[in-house]
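What follows is a short report on a single structure.
Every number in this text was worked out from the coordinates using simple rules, so none of it is lab data. Treat the numbers as computed from the prediction; the structure is a model and nothing was measured. Heads up, the Cβs are rebuilt from the backbone with ideal geometry, glycines too, and the neighbour counts pull from every protein chain shown.
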Protein chains: 2
Amino acid sequence: METLSRKQEIIVVASRLFKERGYNAVSMRDIAQEMGIKAASLYNHISGKQELLSTLILEVAREFTFGMNRVVKEEVSSIEKITQVIELHIDITVNFSEGLAALNNDWMHLEATDLEGFVKMREDYEENFRIILKQGIEAGEIQSHHPEVMLFSILSTLRTLYVWYQKRGKLDVNLLKKDMVAVLLHGIVPPK
Amino acid sequence: METLSRKQEIIVVASRLFKERGYNAVSMRDIAQEMGIKAASLYNHISGKQELLSTLILEVAREFTFGMNRVVKEEVSSIEKITQVIELHIDITVNFSEGLAALNNDWMHLEATDLEGFVKMREDYEENFRIILKQGIEAGEIQSHHPEVMLFSILSTLRTLYVWYQKRGKLDVNLLKKDMVAVLLHGIVPPK
DNA sequence: GTCTATAGGATGATAGAC
DNA sequence: GTCTATCATCCTATAGAC
């Protein structure tokens, strides 16, 4: 239990450095120095640098997969599902903001087996989102624009949220959800 | 003139690799191998790895600064200015997509003097965009949501466009502009 | 759990031959 | 303009003492 706590501490430090400089620009010495120990000591708690990356990324990826699967099963309108997806992203941003940086920027540095699993989860996630949008279009709840443009537009906003959320002082989460849903669903131009 | 062409060739190869793996995961040996020469030979054309990064990033950053300054001077409505900014991003995405990856992901690896200049340009750019939004709100052209949410939402979509533009087969640029403006300005929900 | 010492290899860059 | 050879430094990771 003591080692588990120490391991977690390493992961927290590593995630902060990965976020600031990227996986490849952070050395084991950097992480160790930040903790006040020597690099060799890290290996008593973790198997290597790769473990840090995959732990960080896969934990967050599973949150997304789990959350999306929950939303898909709901028996509500497409608009309501999209609202819930937006809220899911904001919740994950608030709770896993450090891991999100690794997931967004360093996923390609995962080792082969982890990479494969990650890409699969990501594709499934996008496909579920795509289906929700298409169902909304069929039901007349959503504009019949090219669904890919909408999917991409919403997803890139939500995926980058972690960068911006920390730069501003931590905002009220419920207010942020409300504003974000409004802007992403209805745009910035008032109705005529 | 011959050397200039060779130099350009190196930059093209480097930008592709940087985009795929990130600046720190690409070695001079990787770049050289891709060109069929040895790493040492690269130094006849460029001063070092840093020059490749700063050349790529600053070229694109200047395009943004130049384009934004042009839009700001126009005597048109705020909505029209935002439309022009969206089109500016799409034009740059189409013409400088490789450099955009470096700008988005590896700007923090610029050396001190270049980094300073880049951050300044980026802040000025955002501030100009912010002013356009605020003017639009005052004029009643734009919803009075928190301007930061709108700014962030639009900018993160536009900044990530390069990832998505290449994944799909190259789309018709004018159609993309039209769809993008529609989604970003009016959202995805049809007017009641 | 942390240390020192070190293996074994990659990295950016230079010197000098051709 | 490209090569070989090489330097000095950094990297991840291991072995073994305390």
Which residue, chosen from B:I57, B:S78, B:A40, occupies the Cα position most advanced towards the positive end of the dipole of chain B, where the dipole is computed from +1 (Lys, Arg) and -1 (Asp, Glu) charges on Cβ about the Cα centre?
B:A40
Calc'd 3J(HN,Hα), region B:42-48, phi into Karplus 6.51 cos²θ - 1.76 cosθ + 1.60 (θ = phi - 60°), Hz, glycine/Pro = x, comes to 4, 6, 7, 10, 9, 7, x
Packing-wise, with mean Cβ within 10 Å as the measure, how do A:114-122, B:179-187 rank, highest first?
B:179-187, A:114-122
From Cα coordinates alone, what are the radius of gyration and Dmax values for chain A in angstrom?
19.0, 65
Using modelled backbone amide H atoms (1.01 Å from N, in-plane), which distant-in-sequence or interchain residues come within less than 5 Å of A:E141's amide H?
none
Starting from a label point 7 Å past Cα on the Cβ side, list the distances from A:E75 to the same position in the other copies, nm, shortest first.
6.2
Estimated [θ] at 222 nm from DSSP helical runs (n ≥ 4, -39500 (n - 2.57)) normalised by residues in chain B, nearest 500:
-25500 deg cm²/dmol
Please work out the Kirkwood hydrodynamic radius for the protein assembly as shown, using every pair of different C-alpha atoms, and report it in angstroms with one decimal place.
22.5
Straight-line reach from A:K192: which lysines have a Cα under 30 Å away, not including same-chain ones fewer than 8 places off?
A:K81, A:K134, A:K177, A:K178, B:K73, B:K81, B:K134, B:K177, B:K178, B:K192
Under Karplus coefficients 6.51, -1.76 and 1.60, residue-wise ³J(HN,Hα) of region B:163-172 in Hz, glycine/proline x:
4, 7, 4, 7, 4, 6, x, 2, 8, 5
Peptide B:154-166 - average C-beta neighbours from other chains (10 Å radius)
4
Label-point separation (nm) for A:R130 and B:M108, each offset 7 Å from Cα along Cα-to-Cβ?
3.2
Determine the dipole magnitude for region B:44-91: charges of +1 sit on the beta-carbon of Lys and Arg, -1 on that of Asp and Glu, nothing else is charged, the reference point is the Cα centre, and the result goes in debye to the nearest 20.
180
Can you tell me the dipole magnitude for chain A around its Cα centre, using point charges on the Cβ only (Lys, Arg +1; Asp, Glu -1), in Debye to the nearest 20?
560
